[in-house]
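The values are calculated or read from the model by the stated rules, or taken from the named source; none is laboratory data. As the structure is a computational prediction, the values presented were derived from the model and not from experiment. Because the Cβ atoms are built from the backbone with ideal geometry, glycine has one as well, and the counts that use them run over all protein chains shown. The accessibility values were calculated without ligands, DNA or RNA, using every heavy atom of the protein model including side chains. Shrake-Rupley method; radii C 1.70, N 1.55, O 1.52, S 1.80 Å.
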Amino acid sequence: MRVKGLLVAAMLLVSGMASAQVMRVEENEQVVSGIKRSGQQLSVQLDPKFVEKIWKDHLSQEAGKVKHSKGVYTVEEAKLISISKQPVRVISTVGTHATGSYVWWSLDMGTTHLDKGATPEIYTAAEQFMENFGRKLYQEDVLLQINEAENVLRSTKKEQDRVVKQANDLQLSIEKNKKRKQELEAELVRNADELRQLEQNVELNVKQQEASRQQVQAMERAVEEVRAKLRDIK
């Protein structure tokens, strides 16, 4: 049963790794803290908790110190050189929709905001940033699945070692049992020989007793004869 369970786990992992990596970046508006903002939304078919963790770490590495409050991530004076030469304010949320998870963000440049029509160059650079992050998400997901597959592999090998050891132990027990059986059979043969010898000794002892009794009787007769002769001398 344990081997069957490990095989099922391995098949599920392979199936997950083979799934299509769907990724889409599109313009999208969201109301954040009561303010409607234009921005971009990256959609992926991955677990939202996984996406949120990777996004927070990615923002910290690429943009600067990340603050989180009531589901909203912000980075003040983010230095996103690939998008803007000037610091920008990042406002972002992570959530779910019908086909998976999404990462939404808006970039505040002070006088302008991320907008496909108003800031096309910045929008294209931000879109590329998001697409790169989407690829990173799937890479991290595959690495995670590889780690899980390796864990299953280690468990499978461990189970194989256990079964092999069990087989060796069983074979050793069989050999010991055979050896003990041979020893018992040899002991039974020795006991039978000893029994025959004892029986022969008993028979011999009976004969010896009879011979001794006859000798005693003969000696008693001889002594009586001597006494009779002594009486005749008187």
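Within segment 26-67, count every residue that is open to solvent by 70 Å² or more (accessible area, probe 1.4 Å) and either within 33 Å of the chain's Cα centre (by Cα) or within 19 Å of residue 87 (Cα to Cα) (or both). Result for segment 26-67: 9.
Looking at 199, 203, 148 in this structure, which one is among the acidic types (Asp, Glu) and within 28 Å of residue 48 (Cα to Cα)? Let's see the steps before the verdict.
Details: 199 fails: within 28 Å of residue 48 (Cα to Cα); 203 fails: within 28 Å of residue 48 (Cα to Cα).
Step by step, each of 199, 203, 148 is checked, and only 148 is among the acidic types (Asp, Glu) and within 28 Å of residue 48 (Cα to Cα).
Just give me the residues in segment 85-107 being touching an Asp or Glu at 6+ places or on another chain (Cβ under 8 Å) and open to solvent by 10 Å² or more (accessible area, probe 1.4 Å), in sequence order. Within segment 85-107, 87, 89, 94 meet the criteria.
Quick test for you: out of 2, 37, 24, 89, pick the one residue that is modelled with pLDDT of 95 or more and of a type in the set (Lys, Arg). Exactly one residue qualifies, and that residue is 89. Every condition in (1) over 30 Å from residue 38 (Cα atoms); (2) at pLDDT below 90 is met by residue 110 except one, and the failing one is (1).
Taken over segment 154-184, the residue count meeting the criterion of being open to solvent by less than 90 Å² (accessible area, probe 1.4 Å) and under 14 Å from the mean Cα position of the chain (by Cα) is 3.
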